Amino acid sequence: MASQTLTIRKPDDWHVHLRDGEMLRKVAPYTARQFARAIVMPNLVPPVTSIEAASAYRQRIVEAAGPGFTPLMTCYLTDHSDPDEIARGLAEGVWIAAKLYPAGATTNSASGVTDIRNIGAVLSRMERIGMVLCVHGEVTDPEIDVFDREAVFIDRILQPLTRDFPALKVVLEHITTIEAAQFVSGAGPTIAATVTPQHMLINRNAIFAGGLRPHAYCLPVAKREQHRLAVRAAATSGSPKFFLGTDSAPHARHAKESGCGCAGIFNAPFALESYATVFEEDGALDRLEAFASINGPRFYGLPLNDGTVTLERAEVQVPGEIEGLVPFHAGETLHWRLAG
Ligand code: DOR
Ligand code: ZN
């Protein structure tokens, strides 16, 4: 009989949106319940571009999340980012990575980078000091089909970037395609990727199932089935290049269920349950711990967490709404439950 519990080293979330103010206070406890640390995305309004803003935001997260949770901050890169400030923020322990949003690619990315050449000096400094670049890997060229934007980004931007800065540590965030899985698998040890639960569990049909489904919409948008399977195979393969990043991205219900609905899936409340479902279905439960708790800290050069979490085999009914937000798996039954 299959084991009834699974105990793994305490995991981290290497990509999450915790927002600010009232939304932060609502969502942070869900991430803190599941994870010891999380890399917090800086796409607030205004974006987190300075050491001062990142430190103040970190403090607000600590207050909202409560004890036992460590937010790991990122710096939002713009055309005007200063290599000295980026390096100083790393040296002072304020942030551990910088995030590249191509301008216009996603939520609150208007201040992002309009041309990768504008941050050449920043990338060169980051390469020298060993600072990780987190990448939203989609081109914004309106002529490129939305479902092709990740693959085109790899060709046009990421390939040249890794050639020009061969020692730069890069995380291709929330991968959604065969092209991304293959690129990362075939690249050297400085290139890794995060994988969300949704990109392993839904394909693009979910967005159109019986009508338009705003709660299945995120960016990069879910792709065809063959892509979902490739992303899943990469994540569950045991390769140290792939690790857990939920991309939990809450938006108020009215902002999702709108004539122009926001991109983002709020998956924080049942994230580990969701990942465990995938790994079990693929016969890879023994690889969940590396994906969730080991590969990420090894890549970032951080210590592994002490302590463990236990998942129990039990039916869990996911509510239709949590804190006024519609969570991933709303109304479904999951077969794992995080104990405690
Ligand atoms: O779906 C997404 N939501 N993708 C992103 O890249 C950003 C995020 C957000 O901040 O809402
Ligand atoms: Zn994100």
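Bear in mind these aren't lab numbers, they're just calculated from the coordinates by the rules spelled out. Worth saying up front: this structure is predicted, and the values here are computed from it rather than measured. We place every Cβ from the backbone using ideal geometry, glycine too, and count neighbours over all the protein chains shown.
Shape summary: region 10-305 maps onto an equivalent ellipsoid whose semi-axes, from the alpha-carbon gyration tensor, are 25, 22, 21 Å in decreasing order.
For the chain, the longest principal axis of the Cα atoms and the long axis of helix 120-129 meet at an angle of about 70 degrees. In sequence order, region 333-340 has phi-based couplings of 9, 9, 10, 10, 9, 6, 6, x Hz under the Karplus curve 6.51 cos²θ - 1.76 cosθ + 1.60, θ = phi - 60°, and Gly or Pro positions carry x.
Look at V122, V316 and count the other Cβ atoms within 10 Å of each Cβ; fewest to most, that gives V316, V122.
Going by average Cβ neighbours within 10 Å, how do the peptides 233-239, 87-93 rank, with the highest at the top?
Packing order, densest peptide first, comes out as 233-239, 87-93.
Karplus-derived 3J(HN,Hα) values for region 312-321, using 6.51 cos²θ - 1.76 cosθ + 1.60 with θ = phi - 60°, are 10, 6, 7, 6, 10, 8, 7, x, x, 8 Hz; glycine and proline are entered as x.
Database remark: amide H of V132 closer than 5 angstrom to the amide H of A98 (H placed geometrically; neighbours at sequence offset of 5 or more, or on other chains; Pro and chain starts carry no H). When the chain is treated as a GNM with alpha-carbon contacts under 10 Å, the residue of A97, A64, A187 showing the greatest mean-square fluctuation is A187. Computed from backbone phi with θ = phi - 60° and the Karplus coefficients 6.51, -1.76 and 1.60, the 3J(HN,Hα) list for region 257-265 is 8, 9, x, 9, x, 6, 7, x, 10 Hz; x is used for glycine and proline.
Fewest neighbouring Cβ atoms within 10 Å first, the residues R37, R224 line up as R224, R37.
Per-residue ellipticity at 222 nm, computed for the chain from helices alone with -39500 (n - 2.57) per DSSP H run of at least four residues, works out to -8500 deg cm²/dmol.
If you sort the three axes of the alpha carbon gyration tensor as a ≥ b ≥ c, you get a/c of 1.5 or more for region 56-138 and a/b no higher than b/c, which makes it oblate. Residues Y76, Y217, ranked from the fewest to the most other C-beta atoms within 10 Å, line up as Y217, Y76.
For the pair V62 and L229, the difference between a 0.36 nm per residue extended length and the Cα-Cα distance amounts to 56.5 nm.
Note the angle between two axes, namely the Cα long axis of helix 225-235 and the longest principal axis of the Cα atoms of the chain, as a number of degrees from 0 to 90, rounded to the nearest 10. It is inclined by approximately 80 degrees. Listed by chain and number, the lysines whose alpha-carbon sits under 27 Å from that of K241, ignoring those within fewer than 8 places in the same chain, are K10, K99, K169, K223. Can you give me the angle between helix 51-65 and the longest principal axis of the chain, using Cα atoms only, in degrees from 0 to 90, rounded to the nearest 10? For 51-65 against the chain, the angle is about 10 degrees.
Normalised by the number of residues in region 231-304, the average gap of Cα pairs under 8 Å and 6 or more apart makes the relative contact order 39 percent. Using 0.36 nm per residue and subtracting the Cα-Cα separation, the extra length available between E257 and L304 on full extension is 13.0 nm.
Once you've got the GNM for the chain with C-alpha springs shorter than 10 Å, pick whichever of A103, A180, A255 has the biggest mean-square fluctuation. The residue with the greatest mean-square fluctuation here is A255.
For the chain, what proportion of DSSP beta bridges, expressed in % and rounded to the nearest 5, is antiparallel? Around 30 percent antiparallel, to the nearest 5. Relative contact order, percent, of region 217-274 when contacts are C-alpha pairs under 8 Å separated by at least 6 residues? About 38 percent, as a whole number.
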